[in-house]
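The values are calculated or read from the model by the stated rules, or taken from the named source; none is laboratory data. Computed from a predicted model, the values in this text were never measured in an experiment. Quick reminder, even Gly has a Cβ in these numbers, built from the backbone with ideal geometry, and neighbours come from all protein chains shown. These accessible areas exclude ligands, DNA and RNA; they are computed on the full protein's heavy atoms, side chains included. Shrake-Rupley method; radii C 1.70, N 1.55, O 1.52, S 1.80 Å.
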Amino acid sequence: MLLIKNGLVVDPSQNICEKVDILIKNGRVTELAENIEAHSDMQVLDLAEKVVAPGFIDMHVHLREPGFEHKETILTGCKAALRGGFTGIACMPNTRPVADNEGVIELILARARKYGLADVYPIASITKGQEGKELSEFAILKECGAIAFSDDGHTVRNTGVMRRALDYAKMLDALLISHCEDEDLVGSGVMHEGLVSTQLGLAGIPSQAEEIIIDRDIRLAELTKSRIHIAHVSTKEGVEIIRAAKKRGVKVTAEVTPHHFSLTHEAVKGYNTNTKVNPPLRTQEDVNALIYGLQDGTIDCIATDHAPHAREEKEVEYDYAPFGISGLETAVPLAWQNLYLAGHLSLMQLVNALSTAPAKILGIDRGTLKVGKVADITVIDPELTQVVDTGKFASLGKNSPFNGWKLTGWPIMTIKEGKILMKMGDLIV
Amino acid sequence: MGIKSKDLISLADLSVEEMKEVFMNAKSMKDIISRDIKKVPTLRGKVVVNLFYENSTRTRSSFELAGKYMGADVINISASSSSVAKGENLRDTAKTLERMGADIVIMRHPVSGSHHILAQALQARVINAGDGTHEHPTQALLDIFTMMEHLGSVEGKKIAIIGDILHSRVARSNIIGLNALGAEVWVCGPPTLIPSQVEKLGVKVTWDMEKALEAADVVMMLRIQLERQSKGLFPSTREYAKLYGLNERKLKLAKDNALVMHPGPMNRGIEITAEVAEGLLSVIEEQVTNGVAIRMALLYAMGGGKGNVVD
């Protein structure tokens, strides 16, 4: 039995934000009360001055295995998740082969289970081979464990195919996650189109390339009465479109990444390829709109779009580098500092965006510390200030633009089914 | 004096004073070029590497001759015939050259910002001979030097840069240099070839070539790459030439003694007619000579590895 004492428990699922103790038995929460008395058969954790939250869920991660194990593996990705304070991660299907068949889904699930670190929820592709042509076998894939469907990395270009995907998903109540990018409009763009792209002489990606598809897919969700989740919203107008759709009653949810609310296109100056990400880093006006979207609930959750790449792949000319940021191990302090400490979100809103909301979108029985539920817990030290050191990342992807940043509010403990698997950045396995 | 910045990647790396010093020295370098024996020992024992990842006749030979006139040992490496073709990355190639003793590495590269990789990896000084659609600082220096030789100063002068501004590294560097020296810079081209928010760089923007030409002191035509047409940026070279080609009739809108410039190589009959290119107002051939002089002056100012950086 594990007794967590004196922590500030923040659980949006029960509307709790107070100092209560948590008793855990057989991996589940058995009691939640003020001042639970310790017994000799209990391991007692005194978490005074710490924030205790239901385990964080990252619904947008690239684990790269199978196929790109030089970038990341299921094992290193799970370790990175635990170091970052995440007990559950949903992984995107752009592996090799693509996760469009039972074999890949089962491989991911089996390996993740064998390691017994973070929960891994594989996302299958919407179309076979992510080619945007024929639908994947939604029913069979869902049955074998696919948590959602996405062609992430690409938009389903053909509007007719996307419409059929949304229609077909409805009978399974399956979630479709849309990566919104008009690839013809993006062309050879590598960063946000604006003054900075002009100064740097880099090809630009206009905000409209994202907004056009957000709008299209929301209208298709409206047409089909299906649900849709918009991945990594990055623009002001994108937030507006989602806000208006929610008002009309469209079943749309959305996520934002830590890099999109922490950085602007100014970060690209100096041509650091770790700032090359898709969608690109936008303007301060967009950042403000994204934060406002989190405040008013237009944007439901925070997801990292953890996209690890090997060093040699990123240490090249800007145009040649792949898109992506390794995000699992910096997400929590970035959110803590830039959203909570900056006064934009309450503690409850922050934990909701990192845990309760993504669990609800994915339809998993997590994101809560209610009695009887699995005891997945993330502990944050609000006082801890330290410098990001990518050399210490568990992820194989060291491609972070935040290396060297001093951040406050780090996850210091990750508890999975009542077992402490990470403490002060060290994995206990 | 010398140049404070280790590398010359953007023209913004030079202060106005440094630019002016380069211009002053370039005058003396021009004398050397006109001599019978075009060689001074200033850079004897120094190694200059021309690393070219893109084809170039003008810039490469200009740097090569500049280095040789100054007495340096110059070698040329082109991407097609080197280890690059075997897949070596840029940093490794640069490191290799440095270990062989390069003091100055001059690079042209098709990707914007590539020089930052070199600048960070090398002790040797790096000079940008054109990076993607970013900058071409030595071209701007020779352009401005040419203008100053004729106009005295560029301050308050109307400089019209006409053509494919979007993809032009020449335009970007000229905008920086000319703004720093107080010129009034206009850029002109079809909207498809004007970069986003370019007006925020402190230039006037027009799609109307006549407006750009009106009372201009300098008309700088840019090369239009013909493959832009197939990418849908303009419908045909015929229409491009009609709207943005410089001919004698349009040139009359500029000041009587306006200068006509072009960084070369020219598409005669498209962005500029042969009559204008060879006309009385054209300084296009002078630009070439001045290019060598400017590069000599730069190599002189930067000619000794990091040890020569003035603190």
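Whole angstrom only: what separates the Cα centroid of region B:136-180 from the Cα centroid of region A:1-45?
Cα centroid to Cα centroid, the span is 70 Å.
Taking the Cα-to-Cβ direction at B:Ser230 and at A:Leu172 and moving 7 Å from each Cα, how far apart do the two end points lie in nm?
Going by the 7 Å Cα→Cβ label model, 4.3 nm.
Pick out, from A:Cys17, B:Ser28, B:Ile144, the residue whose Cα sits farthest towards the positive end of the charge dipole of the protein assembly as shown, with +1 on the Cβ of Lys and Arg and -1 on the Cβ of Asp and Glu.
Of the listed residues, the answer is B:Ser28.
Nearest 10 degrees, 0 to 90: what angle lies between the long axis of helix A:236-248 and the longest principal axis of chain A (Cα atoms)?
The helix A:236-248 is inclined about 70 degrees to chain A.
Which one of A:Val277, B:Ser10, A:Ala357 has its Cα pushed farthest toward the positive end of the charge dipole of the protein assembly as shown, where Lys and Arg give +1 and Asp and Glu give -1 at the Cβ?
Of A:Val277, B:Ser10, A:Ala357, it is B:Ser10.
With the full set of protein chains in place, find how many percent of the accessible area of the protein assembly as shown is carbon and sulfur; take the probe as 1.4 Å.
49
What pairs in A:Lys19/A:Lys251; B:Lys231/B:Lys255; A:Lys269/A:Lys406; B:Lys20/B:Lys211; A:Lys269/B:Lys250 have C-alpha atoms more than 28 Å from each other?
Numbers: A:Lys19/A:Lys251 35 Å; B:Lys231/B:Lys255 35 Å; A:Lys269/A:Lys406 20 Å; B:Lys20/B:Lys211 30 Å; A:Lys269/B:Lys250 39 Å.
Listed pairs above 28 Å: A:Lys19/A:Lys251; B:Lys231/B:Lys255; B:Lys20/B:Lys211; A:Lys269/B:Lys250.
Which translational diffusion coefficient, to the nearest whole µm²/s, is obtained for the protein assembly as shown from the Stokes-Einstein equation, given a Kirkwood hydrodynamic radius over C-alpha pairs, 10 °C and 1.306 mPa s?
Estimated diffusion coefficient is 56 µm²/s.
Over both sides of the A-B contact, add up the buried accessible area with a 1.4 Å probe and give it to the nearest 100 Å².
So the total buried area for this chain pair works out to about 1400 Å².
What is the diffusion coefficient of region B:1-153 in µm²/s, taking the Kirkwood radius over Cα pairs and the Stokes-Einstein relation at 4 °C with a viscosity of 1.567 mPa s?
D = 80 µm²/s.
Under a point-charge model restricted to the Cβ atoms of Lys and Arg (+1) and Asp and Glu (-1), what is the dipole moment magnitude of chain A relative to its Cα centre, in debye to the nearest 20?
Around 580 debye, computed over chain A.
Over all distinct Cα pairs, what is the inverse of the mean 1/r for region A:347-401, reported as the Kirkwood hydrodynamic radius in Å?
13.9
On alpha-carbon atoms, Rg over Rh for region A:63-107 using Kirkwood Rh?
Ratio value, two decimals: 0.99.
Taking a cut-off of 16 Å, what percent of all Cα-Cα pairs in region B:49-120 are separated by more than that? Working shown, then result.
Details: 1187 of 2556 pairs.
Above the 16 Å cut-off, region B:49-120 has 46 percent of its Cα pairs.
Would you mind calculating the relative contact order of region A:69-205 from Cα pairs under 8 angstrom and at least 6 residues apart, reporting the percent as a whole number?
The value is 19 percent.
Determine the equivalent ellipsoid of region B:104-178 by diagonalising the alpha-carbon gyration tensor, then write out the semi-axes as square roots of 5 times the eigenvalues, largest first, rounded to whole Å.
26, 15, 8
Could you check how many percent of all C-alpha pairs in region B:166-311 are farther apart than 21 Å?
That tail contains 49 percent of the Cα-Cα pairs.
Inside 10 Å of the C-beta atoms of A:311-318, what's the mean count of C-beta atoms belonging to other chains?
5
Given a 10 angstrom Cα cut-off, can you work out which residue in A:Thr235, A:Thr87, A:Thr76 is the most mobile in a GNM of chain A?
A:Thr76
Starting at the first residue of region B:280-290, write each ³J(HN,Hα) from the Karplus equation 6.51 cos²θ - 1.76 cosθ + 1.60 with θ = phi - 60°, in whole Hz, x for Gly and Pro.
5, 8, 6, 10, 4, 6, 4, 4, 5, 4, 4
Using the Kirkwood formula over every pair of different C-alpha atoms, what hydrodynamic radius in Å results for region B:145-206?
11.7
Over the Cα atoms of region A:106-184, compute the convex hull volume and normalise it per residue, giving Å³.
About 92 Å³ per residue, rounded to a whole number.
In square nanometres, what is one fourth of the surface area of the convex hull spanned by the alpha carbons of region A:55-362?
14.0
Give me the distance between the Cα centres of region B:8-56 and region B:256-297, rounded to whole Å.
Region B:8-56 and region B:256-297 have Cα centres separated by 20 Å.
If I take every Cα pair under 8 Å that is 6 or more residues apart in region B:137-284, average their sequence separation and divide by the length, what percent do I get for the relative contact order?
Reported relative contact order: 23 percent.
Assuming 1.567 mPa s and 4 °C, estimate D for region A:272-429 with Stokes-Einstein, Rh taken as the Kirkwood radius over Cα pairs, in µm²/s.
Answer from the Stokes-Einstein relation: 76 µm²/s.
About the Cα centre, and with charges only on the beta carbon of Lys, Arg (+1) and Asp, Glu (-1), how big is the dipole of region A:276-429? Nearest 20 debye, please.
The calculation lands at about 500 debye.
Using the basic label-point model (7 angstrom from Cα toward the beta carbon), what is the A:Ala139 to A:Asn26 distance in nanometres?
3.6
Got a sec? Which residues of region A:194-218 lose 30 Å² or more of accessible surface with every protein chain in place, vs. that chain alone, 1.4 Å probe?
A:Leu195, A:Thr198, A:Gln199, A:Gly201
Mean separation of Cα pairs under 8 Å and 6+ residues apart, divided by the residue count of chain A: what relative contact order is that in percent?
It comes to 20 percent, rounded to a whole number.
Using every alpha carbon pair in region A:252-314, what percent of pairs falls into each 5 Å bin from 0 up to the bin containing the largest distance?
4, 16, 26, 23, 16, 9, 5, 1, 0
For chain B, build the convex hull from the C-alpha positions and give me its volume per residue in Å³.
Spelled out: Cα convex hull of chain B, divided by residues, is 132 Å³.
Where the centroid of each part is defined by its Cα atoms, how far is region A:223-293 from region A:116-166 in Å?
21
Counting heavy atoms of the protein chains only and a 1.4 Å probe, report the per residue accessible area for the protein assembly as shown as a whole number of Å².
Using a 1.4 Å probe on heavy atoms only, each residue of the protein assembly as shown averages 39 Å².
Give me the orientation-averaged projected area of the Cα convex hull of region A:151-260, in nm², one decimal.
So the mean shadow area of the Cα hull is 6.9 nm².
For region A:336-429, what size does the Cα cloud have along each of its three principal axes, sorted from largest down, in whole Å?
Sorted from largest, the Cα extents of region A:336-429 read 40, 36, 25 Å.
Counting pairs of Cα atoms in region B:80-214, how many percent are more than 27 Å apart?
Values: 2967 of 9045 pairs.
Cα-Cα pairs of region B:80-214 separated by over 27 Å account for 33 percent.
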